[in-house]
Every structure is written in C-alpha cells, then in structure tokens.
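S.K.: Got a structure for you, written out below as structure tokens; questions coming shortly.
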Amino acid sequence: MPNDAFDCDVLVVGLGPVGAATAALLARRGASVIAVERDTVVYPLPRAVHFDHEIMRLFQQLGIADEVARHSVPVPPYEFRTADGRLLMSFPADLEAASGWAGGYMFHQPSLESALRDILATEPQAAVRLGWRFEALAQDADGVTARINGPGGPADIRARYLVGCDGASSPVRQAIGGTLSDYGFDEPWLVVDVNVQPGARTPPVNLQVCDPERPTTCVMAGPGRHRWEFMLLPGETTDDVLKDGFIERLLLPWDCGPVEIERRAVYRFHGLVAEHWRAGRVLLAGDAAHQTPPFAGQGMCSGLRDAANLAWKLDAVLTGQADEALLDTYQPEREPHARSLIELAIGMGQIVCTLDRAAAAARDSEMLARRAAGAPSLPPLRTAPFADGCILGGSAGAGELFPQPTCGQGPRRLRLDDGLGDGPWLISRRPAVGAPGITLRNLDEPSLAPFRAHLLRWLDAHAAEAVLVRPDRYVFGTGEPSALADAWAIALKPLARAA
Ligand SMILES: Cc1cc2nc3c(=O)[nH]c(=O)nc-3n(C[C@H](O)[C@H](O)[C@H](O)COP(=O)(O)OP(=O)(O)OC[C@H]3O[C@@H](n4cnc5c(N)ncnc54)[C@H](O)[C@@H]3O)c2cc1C
C-alpha cells in the first residue's frame with residue numbers, strides 16, 4: 001500500500017486500451033493507480049476492429065462485456081480468396097469458443113476505450129490524469145519517479161512500479177533504453193473506414209483478396225461500420241492514395257451502395273518485439289512491447305493479455321503474496337505467445353501481399369489443389385500453452401487457457417467465472433482442504449452444478465484430481481489439491497520457502 005513516500009502503487013503511462021485495462025484490473029484488486037495520458041480525449045478513430053473470445057472474457061471480468069457487446073458483432077467467417085473470387089483458405093465462424101463467448105467479435109475501438117475509461121472512473125483506487133505527458137523516469141531500489149508534464153507544468157509522480165502502455169513509439173521504452181527486434185516485415189497499407197447506410201451491400205464475411213494487382217482486405221468493423229485496407233503499390237505515395245478520387249476508384253468494384261467514408265489513413269504494417277519487457281520496476285505492455293501486422297486481428301488482443309498477465313502478478317507482489325521474482329515470469333510467458341501471433345500474421349501477410357503475378361499464380365494453384373484434395377478449413381486460432389513461467393511444469397494442462405463453461409441461453413446464460421471471483425481457483429473432484437487466498441470449489445457444490453459435466457470432462461481429459469487456475473484464467477497445474485496449493489505457494493514465494 002502507498003505510504004507518504006509514494007503517490008501510488010502503480011503509475012500507468014498511456015490510456016489506450018491496454019493502459020486502461022491494466023489500470024482497471026489493478027485498481028479492482030485494490031492497488032492504488034495513477035494513469036497519465038497525454039491526450040485529453042479518447043482517440044476518436046478505430047485502429048483495431050477485431051478481438052477474440054479470451055478478450056471478451058477479460059471484459060466480462062471487468063464488468064463491461066454487455067456494454068462492449070452493444071458495439072460489437074460476432075466475427076463472421078474469414079476467407080482468403082483469389083483475385084477472381086476462388087476460395088484459398090477460410091476460418092469458419094466459431095459461435096461458442098473455449099472462453100464461453102463467440103470465437104471473436106468485430107467492434108468499434110473508441111466505444112471500447114470509452115467503456116474501459118468509464119469502468120476505471122468507478123474505481124476509487126484509480127486516478128486518471130488526462131493531458132499529462134510522461135517525459136522521463138529515474139528508479140531506485142524502492143520505486144520509480146516519473147517526470148510528467150501536465151496542464152500546470154512539470155511534476156514528479158513517485159510509484160512502486162511503472163507500466164509503460166504508451167504505444168508503438170513508447171517514450172517509456174526509450175527511457176529504459178529499450179531496443180526492438182524486427183521481423184523485417186514492413187508494408188504500407190491504406191485503411192478506409194466507412195459508415196454503412198441503409199441499403200448498403202457490404203460483404204457478410206471478412207475477406208482477404210489475394211490479388212497481385214492490389215492486395216485488399218475487407219472486414220466488418222462493428223455495428224454499422226465496414227473497413228477496407230488496400231496495399232500501396234510500388235511508386236504510390238501517401239498523398240496519392242488519400243485523395244477522394246483514388247479511394248472512390250478503389251471502392252467502385254465493390255459496388256457496395258450507400259456508404260460514407262469516416263476516415264482514411266496510411267499505416268505501415270510491421271512486426272516488432274521489444275528485447276526487454278522489464279527493467280527493474282518499469283514494465284512494458286501492449287504496443288510498447290510488441291507490434292504486429294493486423295492480418296490476424298491480434299495486436300490489441302496481445303496487449304490485453306499482457307494486462308491480464310501483469311495485473312495479478314503486480315498485485316501479488318504489492319500485497320506481499322509473492323516475491324518480486326514473480327515479475328520475471330511476465331516476459332517468458334507473454335513473449336512466445338505474442339511472437340506466435342506476430343508470426344501467424346506475417347504468414348498471412350505473406351500470402352496476401354504477393355505482387356508478383358507468377359508467384360501469385362503459383363500460390364493460387366498450390367492452395368487450390370490443397371483444398372481440392374480435401375484439406376479442411378483452418379481450425380480456430382489457438383496458441384501453445386506456456387512452456388515456462390509461473391506454472392507447475394510437467395503437470396497435465398499447465399500453461400493452457402482454462403475454459404469457461406456456460407449454461408443456458410440469452411441474457412439468462414450462466415458463466416463459470418461470474419460465480420468464482422477474481423483470484424486463483426482450486427477446483428477439485430472432492431472436498432479438499434483450503435489454502436489462504438485461493439477460492440476452493442469441489443464438483444459436488446451446488447454452485448458448480450450447471451458446469452459440473454464440463455469441468456468433469458476437463459479433469460478426466462487431463463487425468464487430474466484437481467486443477468489450480470491462475471487469476472488470468474491460465475492453468476497453473478493439475479494434481480492432488482494439497483500438493484497444488486503447496487506448489488502455488490512455492491511458485492509465488494520461492495525465496496521464503498528456500499530460507
Ligand atoms: C490498421 C490497424 C488495424 C488493427 N487491427 C487490429 C485488430 O483488428 N485487432 C487487434 O487486436 N489489434 C489491431 N490493431 C492493433 C491495435 O490497434 C493496437 O495493438 C492497440 O491499439 C495498442 O493498444 P495500446 O494501448 O498498447 O497502445 P495505443 O492504443 O497506441 O495507446 C497508447 C496511448 O499512450 C499515449 N501516450 C503515448 N505517449 C505518451 C506520453 N509520453 N505520456 C502519456 N501518454 C502517452 C497515447 O496517447 C495513447 O493513448 C490494428 C492496428 C492498426 C494500425
């Protein structure tokens with residue numbers, strides 16, 4: 001808890017989606033948080049348009065799932081097609097994914113960011129300072145002092161930890177001398193967002209048109225909105241492609257009827273990862289730590305997974321439940337996950353961004369032949385379990401995302417997490433002895449009755465008596481309940497146990 005020497009437990013720099021989620025998750029757990037943002041209003045135009053089921057589960061935890069759902073539509077099938085419309089590969093829509101929500105959603109980013117800020121405003125432990133720009137930091141053994149330039153001039157904020165959620169150019173990353181490793185993917189694309197008017201004929205699926213004459217993306221962007229992305233061709237400049245006439249010519253073949261252009265912008269799509277996500281008491285999350293091309297719709301999702309991973313660990317350290325060494329598990333858990341999604345997106349980008357006609361024809365023949373030979377549609381996106389970090393290595397299921405069973409339909413639908421709360425859970429087949437700080441449940445309890453069959457199947461599939469689920473809903477490990485509780489205590493406080 002902060003004392004006179006500290007203004008807050010955690011200073012969050014940057015209030016994009018990742019900073020707002022990090023601050024809200026920390027404040028919910030009781031940490032005192034100051035969040036500073038250089039801009040005075042939410043950035044009004046969307047960048048991300050897709051998030052996945054795991055992220056909707058995080059919004060559920062934050063209490064904003066219903067509000068976010070108002071600005072979202074479940075993700076439709078995602079198809080890669082040739083220039084003349086033949087199907088190269090597809091990801092089917094997934095109406096019920098592991099996290100208890102649809103596989104993904106197409107959404108309006110400013111509405112999401114407003115919902116996150118609204119929930120943050122209800123947290124008495126959080127203070128938001130808009131129009132405050134982070135400039136520099138110094139750290140010592142006990143904390144971090146940040147120089148912030150606010151409306152009243154420069155001021156220092158002293159915190160136990162600082163999380164840089166300050167986006168791709170991240171002044172916090174620069175302040176800790178952070179360097180980026182580069183995947184060498186760097187493609188310029190024009191993004192055109194439209195408001196869809198009544199009578200419009202926008203495609204009911206998300207599309208990558210693998211046309212060497214003009215690689216093109218066409219996707220839903222939340223209720224009443226649609227997005228096109230057009231790759232720039234050699235010799236085209238940003239000024240050329242932003243002109244009205246140019247964009248009208250690009251949209252003409254789509255014959256989509258009445259749509260109104262809301263914005264146009266040119267982005268460079270690239271894959272970058274910071275070498276170090278932690279320097280002492282300073283940590284990086286979101287685009288400050290990694291950036292991806294958008295072909296898998298996962299940049300913000302990766303950042304929000306960072307927030308979920310970091311928030312419970314920082315809270316455990318701040319409350320003395322864990323040694324500071326727990327923070328060393330943040331990057332080893334999150335980096336391989338983020339990299340796998342960057343590599344997936346670059347792989348997709350390499351399929352789409354082929355400008356050489358002969359190479360495109362060869363790609364088409366190969367992918368069409370594979371489909372003709374019966375190659376199935378691609379499975380829903382799944383990432384590998386953590387290989388390292390705060391898990392009980394060697395136990396079945398360790399490091400996997402734990403599913404969220406559901407029961408019922410519509411507004412009366414029950415979801416497991418709602419009854420179990422924010423902390424770690426130990427779910428066992430039979431009654432077991434408790435451990436401090438862990439929510440203990442057994443399958444015979446009435447509160448688990450709606451989910452019993454699902455949970456039993458999971459335990460059977462992992463040949464486990466019990467499972468310990470971390471606060472970010474990843475599996476710590478499986479085994480006997482008392483052994484799991486002991487292993488959890490050791491994982492959080494290895495130094496105390498060794499002493
Ligand atoms: C065209 C495009 C399409 C995309 N599509 C998707 C998608 O479909 N799905 C998906 O998951 N992701 C997508 N992304 C990626 C996604 O938009 C980003 O990953 C996400 O917005 C990053 O969030 P963030 O909070 O880390 O950073 P940002 O949203 O960049 O927020 C950083 C914040 O820090 C503030 N800041 C910066 N410097 C300072 C300072 N010195 N002091 C105080 N505040 C500061 C900024 O003002 C900003 O508000 C897409 C990106 C693009 C460009």
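S.K.: Suppose a student asked you for the relative contact order of the chain, using Cα pairs under 8 Å spaced at least 6 residues apart; what percent would you report? Provide the component values of the computation, followed by the final result.
M.R.: On the way: 1035 pairs, mean separation 77.2, N = 499.
The value is 15 percent.
S.K.: Just check segment 198-248 against the gyration tensor rule for me: Cα atoms, a ≥ b ≥ c as the square roots of the eigenvalues, rounded for a/c under 1.5, and otherwise prolate or oblate depending on whether a/b exceeds b/c.
M.R.: Numbers: a/c = 2.65, a/b = 1.57, b/c = 1.69.
Oblate is the answer for segment 198-248, as a/c is 1.5 or above yet b/c matches or exceeds a/b.
S.K.: Here's another thing I want to ask about it. What's the FRET efficiency of Ala369 with Trp254 using the Cβ-Cβ distance as r and R₀ = 35 Å, to the nearest 0.05? Each step should come with its number before you reach the end.
M.R.: Working: r = 29 Å, r/R0 = 0.82.
The computed FRET efficiency comes out at 0.75.
S.K.: For a protection proxy built on the mean count of beta-carbon atoms within 10 angstrom, sort 51-58, 160-167, 443-450, 192-199 highest first, please. Intermediate results must be reported in sequence, preceding the final value.
M.R.: Working: 51-58: 25.2, 160-167: 27.8, 443-450: 13.2, 192-199: 15.9.
Answer by packing, highest mean first, reads 160-167, 51-58, 192-199, 443-450.
S.K.: Among Gly167, Cys256, Thr237, whose Cα lies farthest out toward the positive end of the dipole of the chain, if unit charges sit on the beta carbon of Lys, Arg (+1) and Asp, Glu (-1)?
M.R.: The Cα lying farthest towards the positive end belongs to Cys256.
S.K.: Here's another thing I want to ask about it. Rounded to the nearest 0.05, what FRET efficiency do Ala5 and Arg70 have when you use their Cβ-Cβ distance and R0 = 25 Å? Intermediate values should be presented prior to the final figure.
M.R.: Numbers: r = 43 Å, r/R0 = 1.72.
Working from the Cβ atoms, E equals 0.05.
S.K.: Calculate, in nm to one decimal, what Ala138 and Glu213 gain on full extension: separation in residues at 0.36 nm each, minus their alpha carbon distance. All intermediate terms of the calculation are to be shown ahead of the outcome.
M.R.: Details: separation 75, 0.36 × 75 = 27.00 nm, distance 5.12 nm.
Extending this stretch completely gives an extra 21.9 nm.
S.K.: Using the per-residue mean of other Cβ atoms lying within 10 Å as a proxy for protection, in what order, highest first, do the peptides 304-314, 74-84, 23-33 fall? Display every interim value, and only then the final one.
M.R.: Details: 304-314: 26.5, 74-84: 18.6, 23-33: 24.5.
Result, highest mean first: 304-314, 23-33, 74-84.
S.K.: Please report the equivalent ellipsoid semi-axes of segment 272-339, computed as sqrt(5 x eigenvalue) of the Cα gyration tensor, largest first, in whole Å. If you can, show how the numbers build up before the last one.
M.R.: Numbers: eigenvalues 107, 27, 15 Å².
Taking √(5λ) for each Cα gyration eigenvalue gives 23, 12, 9 Å.
S.K.: Just check the chain against the gyration tensor rule for me: Cα atoms, a ≥ b ≥ c as the square roots of the eigenvalues, rounded for a/c under 1.5, and otherwise prolate or oblate depending on whether a/b exceeds b/c. Don't jump to the answer; show the numbers that get you there.
M.R.: Details: a/c = 1.84, a/b = 1.31, b/c = 1.41.
Oblate.
S.K.: Tabulate in residue order the Karplus-calculated ³J(HN,Hα) for segment 156-165, using 6.51 cos²θ - 1.76 cosθ + 1.60 with θ = phi - 60°, rounded to whole Hz; enter x for Gly and Pro.
M.R.: For segment 156-165, the Karplus curve yields 9, 10, 10, 9, 6, 9, 10, 10, x, 10 Hz.
S.K.: Also, I was wondering about something else. Can you list the HN-Hα couplings for segment 147-155, worked out from phi with the Karplus curve (6.51, -1.76, 1.60; θ = phi - 60°), rounded to whole Hz and with x for Gly and Pro?
M.R.: 8, 10, 9, x, x, x, x, x, 8
S.K.: Follow-up question, since we're still on this one. Between Glu324 and Tyr267, what is the label-to-label distance in nm when each label sits 7 Å out along the Cα-to-Cβ direction?
M.R.: 3.6
S.K.: What shape does segment 107-185 take by its C-alpha gyration tensor, where a ≥ b ≥ c are the square roots of the eigenvalues and a/c under 1.5 counts as rounded, a/b above b/c as prolate, and the rest as oblate? Can you show the working numbers first?
M.R.: Working: a/c = 1.84, a/b = 1.07, b/c = 1.73.
Oblate is the answer for segment 107-185, as a/c is 1.5 or above yet b/c matches or exceeds a/b.
S.K.: Another question, if that's okay. Taking the Cα centre of the chain as origin, work out the dipole magnitude from +1 charges on Lys and Arg Cβ and -1 charges on Asp and Glu Cβ, in debye rounded to 20.
M.R.: The calculated dipole for the chain is roughly 760 debye.
S.K.: Check Gly167: other-chain or 5+ apart residues with amide H under 5 Å from its amide H, H built from backbone geometry?
M.R.: When sequence neighbours closer than 5 places are left aside, the close amide H contacts are Asp287, Ala288.
S.K.: While we're looking at this one, here's another question. What is the set of long-range amide H partners of Leu440 at a cut-off below 5 Å, with H atoms built 1.01 Å from backbone N?
M.R.: Leu426
S.K.: Also, I was wondering about something else. Would you please give the residues with an amide H less than 5 Å from that of Ala127, counting only those at least 5 places away or on a separate chain, with H modeled from the backbone geometry?
M.R.: Val33, Ile34, Ala35
S.K.: Let's test the formula: R0 of 35 Å, r as the Cβ-Cβ distance of Glu275 and Cys407. What FRET efficiency results, to the nearest 0.05? Before the final figure, lay out each step's value.
M.R.: Values: r = 45 Å, r/R0 = 1.29.
Step by step, r from the Cβ atoms, then E = 0.20.
S.K.: Could you rank the peptides 355-365, 86-96, 324-334 by their average count of other C-beta atoms within 10 Å per residue, with the highest value first?
M.R.: Per-residue Cβ counts within 10 Å, averaged per peptide and sorted highest first, yield 324-334, 86-96, 355-365.
S.K.: Could you check the simple spin-label distance between Val205 and Asp182, using points 7 Å along Cα→Cβ, in nm with one decimal?
M.R.: Rounded to a tenth, the inter-label distance reads 3.7 nm.
S.K.: What are the membrane-span-like helices in the chain by this rule: whole DSSP H runs, Cα extent along the axis at least 27 Å, mean Kyte-Doolittle hydropathy at least -0.5? Spell out each step's value before the answer.
M.R.: Numbers: long enough: 299-318 (28 Å, 0.48); 330-352 (33 Å, -0.22).
Helix filter hits for the chain: 299-318, 330-352.
Since every read-out is calculated from the coordinates, none of them should be taken as a lab result. Just so we're clear, the structure is a prediction, and the values are computed from it rather than from any experiment. Using ideal geometry, Cβ is built from the backbone for each residue, glycine included, and neighbour counts are taken over all protein chains shown.
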